[in-house]
Amino acid sequence: MKVALRIKKNEEFQDIIKLKRFVACPSFALYVKPKTGKYSRFGISCGKKMGNAVVRNKIKRQCRCMLRELDSGSYRFDGILMVRQGYQKFSYQDNKKHLESMLKKVKR
């Protein structure tokens, strides 16, 4: 996922979360808002309960890789991907399937 396609500012995170349109699974919660620009953008949030900074950064890298593999730039919404505690119970492939099914639900 390219840097230009990321949401980083706190105000943008809060705007998307305030709409309360989300889809959830054991590994993730995805908050969405209709996209404002040419491309859809994603932000990733990982809480301190997931582990220390090294673990959280690894999880965020994996999530960015999943979004890149699923071609996240072609959707009609901006999203905040919140990583839940269940993420660590599943393998990378299972988490990717969860994310793909959530993106398909929102796409409809």
Rounded to one decimal in nm, the spacing of the 7 Å Cα→Cβ label points at residue 92 and residue 19 is 3.1 nm
Result for the chain: accessible area per residue, probe 1.4 angstrom, in square angstrom, of 62 Å²
Toy charge model, Lys and Arg Cβ at +1, Asp and Glu Cβ at -1: the chain dipole around Cα centroid in debye, rounded to 20, equals 60 debye
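Calculate how many DSSP beta bridges within the chain are antiparallel, expressed in % of all such bridges and rounded to the nearest 5.
60 percent
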In nanometres, the difference between 0.36 nm per residue of separation and the alpha-carbon distance of residue 11 and residue 36 is 7.6 nm
About its Cα centre, region 1-60 carries a charge dipole, from +1 on Lys and Arg Cβ atoms and -1 on Asp and Glu Cβ atoms, whose size in debye to the nearest 20 is 120 debye
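The values are calculated or read from the model by the stated rules, or taken from the named source; none is laboratory data. Everything numeric here is computed off the predicted structure, so don't read it as measured data. FYI the Cβ positions are ideal-geometry reconstructions off the backbone, even for glycines, and counts take in every protein chain you see. Side chains are part of the model used for accessible areas, which takes the heavy atoms of the whole protein and leaves out ligands, DNA and RNA. Shrake-Rupley method; radii C 1.70, N 1.55, O 1.52, S 1.80 Å.
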